[in-house]
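A.B. asks: Take a look at this one; I'll ask things after.
The values are calculated or read from the model by the stated rules, or taken from the named source; none is laboratory data. In this text, all values refer to a predicted model and were calculated from it rather than measured experimentally. With ideal geometry, Cβ positions are generated from the backbone for all residues, glycine too; neighbour counts draw on all protein chains shown.
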């Protein structure tokens, strides 16, 4: 379950494992005005919440979340992707256990965003 915190104090919820919920989230996420309203994203999974607040002091912050479908290598997960300035952060919460992985990279300025088009 994805929880989206907005600057109005409102919290929206999207079930990323549900096709309709995922489609609604993608539609909202690609709206750049909506992106400016996001203050943080939270994944609620296995009784644990994993949160990533919107980073301060960066230009061009874009937040996204997606469900990772299980394959032979991964038991499934949900992840938050943040691109801020020239830094990328990916928070992956695993379905099979109460564990998360955080990866931070210096990936350069984003020139193309496949979500926005």
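A.B. asks: Of all residues being in contact with a helix residue (DSSP H, G or I) (Cβ under 6 Å, 6 or more places away or on another chain) and under 15 Å from residue 79 (Cα atoms) in the range 6-39, which is surrounded by the fewest Cβ atoms within 10 Å (Cβ to Cβ)? Just the residue, please.
C.D. replies: Filtering the range 6-39 for residues that are in contact with a helix residue (DSSP H, G or I) (Cβ under 6 Å, 6 or more places away or on another chain) and under 15 Å from residue 79 (Cα atoms), the one surrounded by the fewest Cβ atoms within 10 Å (Cβ to Cβ) comes out as 15.
A.B. asks: Now, a different point. Being closer than 22 Å to residue 103 by Cβ and either in a strand (DSSP E or B) or out of contact with any strand residue (DSSP E or B) (no Cβ under 9 Å at 6 or more places or on another chain) (or both) is the filter here, so list the residues in the range 6-38 that pass it.
C.D. replies: Of everything in the range 6-38, just one residue is closer than 22 Å to residue 103 by Cβ and either in a strand (DSSP E or B) or out of contact with any strand residue (DSSP E or B) (no Cβ under 9 Å at 6 or more places or on another chain) (or both), namely 38.
A.B. asks: Only residues that are under 21 Å from residue 47 (Cα atoms) and surrounded by fewer than 17 Cβ atoms within 10 Å (Cβ to Cβ): list them for the range 79-94, please.
C.D. replies: Hit for the range 79-94 is 90, nothing else.
A.B. asks: Looking at (1) in a loop (DSSP other than H, G, I, E, B); (2) free of Cβ contacts under 8 Å to residues at least 24 places away in the same chain; (3) more than 20 Å from residue 6 (Cβ to Cβ), which is the only condition residue 56 fails?
C.D. replies: Evaluating residue 56 over (1) in a loop (DSSP other than H, G, I, E, B); (2) free of Cβ contacts under 8 Å to residues at least 24 places away in the same chain; (3) more than 20 Å from residue 6 (Cβ to Cβ) leaves (3) as the failure.
A.B. asks: Please determine whether any residue of the range 97-115 is closer than 22 Å to residue 6 by Cα and either loosely packed, with under 13 Cβ neighbours inside 10 Å or at pLDDT below 95 (or both).
C.D. replies: Yes, some residue in the range 97-115 is closer than 22 Å to residue 6 by Cα and either loosely packed, with under 13 Cβ neighbours inside 10 Å or at pLDDT below 95 (or both).
A.B. asks: So which residues in the range 49-71 are farther than 22 Å from residue 87 by Cβ, at pLDDT 95 or above and surrounded by fewer than 14 Cβ atoms within 10 Å (Cβ to Cβ), if there are any at all?
C.D. replies: Listed by number, the list holds a single entry, 49.
A.B. asks: Between a first residue in the range 29-44 that is touching a residue at least 60 places away in the same chain (Cβ under 8 Å) and a second residue that is assigned to a helix (DSSP H, G or I) and crowded, with 17+ Cβ neighbours inside 10 Å, which pairs have beta carbons less than 8 Å apart while being 6 or more apart in sequence or on different chains?
C.D. replies: Within 8 Å, the pairs are 29/35.
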